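**Q** Please read through the structure below; I'll follow up with questions.
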Amino acid sequence: MRVGFIGLGQMGSAMASSLLRAGHEVTVYNRTRAKAETLAGAGANIADTPAGACRGEAVFSMLADDAAVEDLVFSDGGVLDSLGPGAVHISSSTISPALSHRLAPAHAEASQTYVAAPVFGRPDAAAAGKLFVVAAGASEAVRAVTPLLEAISQRVFVVSEQVQAANLVKLSGNFLIAAVIESLGEAMALVDRGGVDKHLYLEILTSTLFGAPVYKTYGGLIADARFEPAGFAAPLGLKDIRLALAAAEDLRVPLPLASLLRDRFLRLLAHGGDALDWSAIGGLAAEDAGISLPPSSRDRK
């Protein structure tokens, strides 16, 4: 298929690479052109404007937040202006259900279609084409872009024809990951203070009670206090928790733990943690207990 890709951060670049490896004709756009040029050697075409990436049957967007997606879609020369009739906008950005709900009718009015397809997985999974895609949208549109979604993932979950459902699943998943990070950090600070080796403790946890990849991945980062370079930056974690809280308020669902996580992210950022991985909130309990962290983690203060 002829497909565009807009937004070439760590995740977007890796996803575009997977599409190229699968044999799709890919045109990429990024505000910083150098990021697009790194994909030219793999066969990507480079667009000078977002419109240039909207000439095919579909275009992906993988951007940081609601504001960036709104600007891309609704601005002059943006996706709505440029995508052809019958073409599909696939948004893999982690955005609010409310914005996703606005995008579907806006595209329909322009004779286009919209599929929400946020993903689970860190940059290494994206590079290996092993993400998990949560897709929602009109069944015909989802079927049309399934070969693209399969190219970037190990599994595609189609959850609803209501596009906002995919974004709600994504936000709830990130809320759970953040909760695991916080609880792991607190538990590790407790055993560390009690004289138990953190790595041995993690091995016990992941060999008995908690064998899921999220415990192994984030447990290792916390045990090593390895929060740089960021696979998923802390400000994005705060953004996602805020979006989860906003969605919960709209649905009148109390999320008291999410409120705590918001405050933990705010504490991290207040102490200069903007460049750290979001797993750095897992190091806060150790700091609160006066446990020394490696120099690279303390430097942010």
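**Q** Given the rule -39500 (n - 2.57) for each run of at least 4 DSSP H residues, summed and divided by the residues of the chain, what is its mean residue ellipticity at 222 nm, to the nearest 500 deg cm²/dmol? Working shown, then result.
**A** On the way: 14 runs with 158 residues, N = 301.
For the chain, the value works out to -16000 deg cm²/dmol.
**Q** Next question. Along Cα→Cβ, 7 Å out, is where each label goes; now give me the distance between the ones at L260 and I291 in nm to one decimal.
**A** The two pseudo-label positions are separated by 1.7 nm.
**Q** What residues have an amide H closer than 5 Å to that of V28, excluding those fewer than 5 places away on the same chain, when H is modeled at 1.01 Å from N in the peptide plane?
**A** Result for V28 returns F5, N45, I46, A47.
**Q** Next question, about the same structure. Determine the gain in length on full extension of the stretch L251-Q162; use 0.36 nm per residue of separation and subtract their C-alpha separation, reporting nm with one decimal.
**A** Values: separation 89, 0.36 × 89 = 32.04 nm, distance 1.54 nm.
Contour length minus the Cα-Cα distance gives 30.5 nm.
**Q** HN-Hα J couplings of segment 273-278 from phi, Karplus 6.51/-1.76/1.60, θ = phi - 60°, integer Hz, Gly and Pro as x?
**A** x, 4, 8, 8, 5, 5
**Q** For the chain, return all DSSP H helices satisfying: extent of Cα atoms along own axis at least 15 Å; mean Kyte-Doolittle hydropathy at least 0.0.
**A** Within the chain the helices that satisfy the rule are 10-21, 139-151, 164-193, 213-224, 234-251, 256-270.
**Q** When you count, for each residue, the other Cβ atoms within 10 Å and take the mean per peptide, how do 122-128, 164-170, 31-37 rank with the highest first? Please list the in-between numbers first.
**A** Numbers: 122-128: 17.4, 164-170: 23.6, 31-37: 13.9.
So the order, starting with the most tightly packed, is 164-170, 122-128, 31-37.
**Q** Further, regarding this structure: Report, by chain and number, residues whose modeled amide H sits under 5 Å from the one on G137, excluding near sequence neighbours (fewer than 5 apart, same chain).
**A** Under 5 Å from the amide H of G137: S160, E161, Q162.
**Q** Place +1 on the Cβ of every Lys and Arg and -1 on the Cβ of every Asp and Glu in segment 114-180, take the dipole about the Cα centre, and give the residue among N174, L149, A136 whose Cα lies farthest towards its positive end.
**A** N174
**Q** Hey, another quick one. If a/c stays under 1.5 just call it rounded; otherwise compare a/b with b/c (prolate if a/b is bigger, oblate if not). Do that for segment 171-301, with a ≥ b ≥ c from the square roots of the Cα gyration tensor eigenvalues. Don't jump to the answer; show the numbers that get you there.
**A** Details: a/c = 1.90, a/b = 1.33, b/c = 1.43.
In terms of gyration-tensor shape, oblate.
**Q** Roughly how many nanometres apart are two label points built 7 Å out from the Cα toward the Cβ at E70 and A34?
**A** 3.1 nm
**Q** Right, another one. Does segment 2-161 come out rounded, prolate or oblate by the C-alpha gyration tensor, with a ≥ b ≥ c the root eigenvalues, rounded set by a/c under 1.5 and, if not, prolate when a/b is larger than b/c and oblate if not?
**A** On the way: a/c = 1.44, a/b = 1.12, b/c = 1.29.
Judged from the Cα gyration tensor, segment 2-161 comes out rounded (a/c under 1.5).
**Q** Mind checking the dipole of segment 52-106: about its Cα centre, +1 per Lys or Arg Cβ, -1 per Asp or Glu Cβ, Debye to the nearest 20? Can you show the working numbers first?
**A** On the way: 2 positive and 7 negative charges, 37 e Å.
My answer is approximately 180 debye.
**Q** Which entries in the list K130/K170; K130/K216; K130/K198 go over 20 Å, if you measure between the two C-alpha atoms of each?
**A** On the way: K130/K170 16 Å; K130/K216 17 Å; K130/K198 29 Å.
Violating the 20 Å Cα-Cα cut-off are K130/K198.
**Q** Right, next: Using the per-residue mean of other Cβ atoms lying within 10 Å as a proxy for protection, in what order, highest first, do the peptides 267-274, 243-250 fall? Working shown, then result.
**A** Values: 267-274: 15.9, 243-250: 18.0.
Ranking, from highest mean packing down: 243-250, 267-274.
Any read-out appearing in this document is the output of simple, stated calculations on the displayed coordinates, not a laboratory observation. A quick note: this is a predicted structure, and the numbers were derived from the prediction, not measured. Cβ: placed from backbone, ideal geometry, glycine included. Neighbour counts: every protein chain shown.
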